[in-house]
Amino acid sequence: MRKYASGRDFTVAGDQARGKYYIFTYGCQMNEWDSEVMAGLVEEMGYTRASSPEEADLILLNTCCVRESAENKVWGLLGSLGRLKRRRPWLLLGVTGCLPQRPGAAAEIKRRFPFVDLIVGTHDRHELPRLILEAERGQVVAVSPEGRGVVEGLPIRRKSRLRAWVPVMFGCNNFCTYCIVPYVRGRERSRRPEDVLREVKELAKEGYREIFLLGQNVNAYGKGLQPPVTFADLLRQLNAVEGIWRIRYTTSHPRDFGEDLIRAVAELPKVCENFHLPVQAGSDKILRRMGRGYTRQDYLNLVRRIREALPQASFSTDIMVGFPGETEEDFEQTLLLVREVGFDQAFVFIYNPRPGTPAASFPDQVPHGVKVERIKRLLALQQAISRERNRAEVGRVHEVLVEGPSRTNPNRLEGRTRTYKTVILDGTPELAGKLVAVRITAGHLTYLEGKVEEVLVA
Ligand code: SAM
Ligand code: SF4
């Protein structure tokens, strides 16, 4: 009998190889991290990673339900995995993550895809080994309605050897009227700063150089912890960890981004000057109906204050088009704001009613055709701005952390600036994992090209 290193209160007979696993991941970085934890948990059981779903004995679909399109991908994939399961009847198939947590979804999975062995919500993910063993005897559904605190010490199999996701808090208390996240991820729970610090020190020892702190609203970090601690305090502690070169974080809520945090980012050399600040809309009427808690002017003031403190800062955002009641004038306010800020990058979405959220029953839904036409205009504008901002980088020198071969051209290397722009460059593979000074030679829509001038830290 073997007890898991994660200290979970279950044991399992034997630690012999149990076969191969494959994980599909949809959604945000928090889901990426959840999948890394699930990989750690099943590897601890004896599973090894499969290079394709066709050779797996355990397949997990780590799902997202923030938009209907994310859900539809899961429904489509389940159809084809049903065919795979007919060829490999011993295959264990699990649906995990946010979708099972959405009211009605677990029942829908059971009804439409009765061959699914395992349905596990976000609050039960750490019980996966026990649930897998149970699923070998028959279908298991584990969807607890609310998270019980924070579970520490879970095993993890990280994808990258250089950049590590580190959640600092889970859940969200904001209940923006369009968003399903608080319903599927539960209320805000922060990790204790000493636990985050211990993990980051371990990561530094293992050779990780960049940490990416995660939370739905990192600015709310620390609420409810004793003694009181803020996100800026946490950044100060992490900045002191030797071996870590860069600290990033996402997502910040513009309403809660205070002077103390701007000061911390400006003062702390390892904290990168890239600001992802989802604005969602440019019209005060729509922002009010979304329940965002700031006005267009508040947002513009925040960007101005950040630029005053950090003139080299880059900005990215999330924007939705076609929120209920959005008129042409409201949408033009969004276009104007996008021009005024000059975002380096924007993630744009068509508003999609999510069951159980207040906005889904607002009466004045915008017709689909209008949404499509608006998103096209917004995309065209943002693309022009992104290109222009990237072209303006030509001639400048950036500190780049080289990550490895480029995903689009394996003969070249790829890395990121502190401002989170991708840079493609030439160089030998030994540059991977090093900090280099790069002179930018070209700026494109989604990336820069550059020439290495100097190795800064090896
Ligand atoms: N916590 C983050 C914040 O406050 O902005 C974002 C979380 S959410 C997973 C990521 C993005 O999805 C949001 O910023 C929003 O633009 C988009 N989103 C959320 N609900 C949506 C919906 N019902 N329809 C379309 N897009 C949505
Ligand atoms: Fe959703 Fe708003 Fe919470 Fe972000 S802050 S996760 S958009 S409810």
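The values are calculated or read from the model by the stated rules, or taken from the named source; none is laboratory data. This is a predicted model, so every value here is computed, not measured. Every residue, glycine as well, gets a Cβ built from its backbone with ideal geometry; the counts of neighbours run over all protein chains shown.
The set of residues in segment 146-189 that are within 16 Å of Leu225 (Cβ to Cβ), among the small types (Gly, Ala, Ser) and within 15 Å of ligand 1 (Cβ to nearest atom) contains only Gly171.
Restricting segment 244-297 to residues that are hydrophobic (A, V, I, L, M, F, W, C), part of a loop (DSSP other than H, G, I, E, B) and touching a residue at least 40 places away in the same chain (Cβ under 8 Å) leaves a set whose member that is farthest from Thr230 (Cα to Cα) is Ala281. Checking each residue in segment 384-404 for being within 22 Å of the chain's Cα centre (by Cα), surrounded by fewer than 19 Cβ atoms within 10 Å (Cβ to Cβ) and part of a helix (DSSP H, G or I) picks out no residue at all. Considering each residue of segment 333-347 in turn, none proves to be surrounded by 14 or more Cβ atoms within 10 Å (Cβ to Cβ) and over 30 Å from Arg304 (Cα atoms). Reported count of residues in segment 434-446, each being of a type outside the set (A, V, I, L, M), crowded, with 17+ Cβ neighbours inside 10 Å and touching a residue at least 40 places away in the same chain (Cβ under 8 Å), is 1.
How about segment 80-98: which of its residues are touching a residue at least 40 places away in the same chain (Cβ under 8 Å) and either closer than 27 Å to Asn352 by Cα or in a loop (DSSP other than H, G, I, E, B) (or both)? If the condition is that a residue be touching a residue at least 40 places away in the same chain (Cβ under 8 Å) and either closer than 27 Å to Asn352 by Cα or in a loop (DSSP other than H, G, I, E, B) (or both), then Gly94, Thr96, Gly97, Cys98 are the ones that fit.
Applying the condition of being under 21 Å from the mean Cα position of the chain (by Cα) and closer than 26 Å to Phe349 by Cα to segment 405-416 and asking which residue is surrounded by the fewest Cβ atoms within 10 Å (Cβ to Cβ) yields Arg407. Residues in segment 421-432 that are in contact with an Asp or Glu (Cβ under 8 Å, 6 or more places away or on another chain) and part of a loop (DSSP other than H, G, I, E, B) were compared, and the one that is nearest to Val452 (Cα to Cα) is Ala432.
With respect to being touching a helix residue (DSSP H, G or I) at 6+ places or on another chain (Cβ under 8 Å), at pLDDT 95 or above and assigned to a helix (DSSP H, G or I), Arg305 fits the description. When Asp364, Asp344 are checked against the criterion of being under 20 Å from Pro278 (Cβ atoms) and more than 14 Å from ligand 1 (Cβ to nearest atom), a single residue qualifies: Asp344. Residue pairs whose Cβ atoms lie under 7 Å apart, separated by 6 or more positions or on different chains, with the first residue in segment 211-228 and closer than 18 Å to Arg187 by Cα and assigned by the TED database to the domain that holds Cys179 and the second assigned to a helix (DSSP H, G or I) and within 13 Å of ligand 1 (Cβ to nearest atom), are Leu214/Gln29; Leu214/Met30; Gln216/Val181; Gln216/Arg185; Asn217/Asp256; Asn219/Asp256; Ala220/Asp256. Elements of the type strands (runs of 3 or more DSSP E) sitting completely within segment 14-79 and holding at least 2 residues that are at pLDDT 95 or above, of a type in the set (Val, Ile, Thr) and within 18 Å of the chain's Cα centre (by Cα): these cover 19-25.
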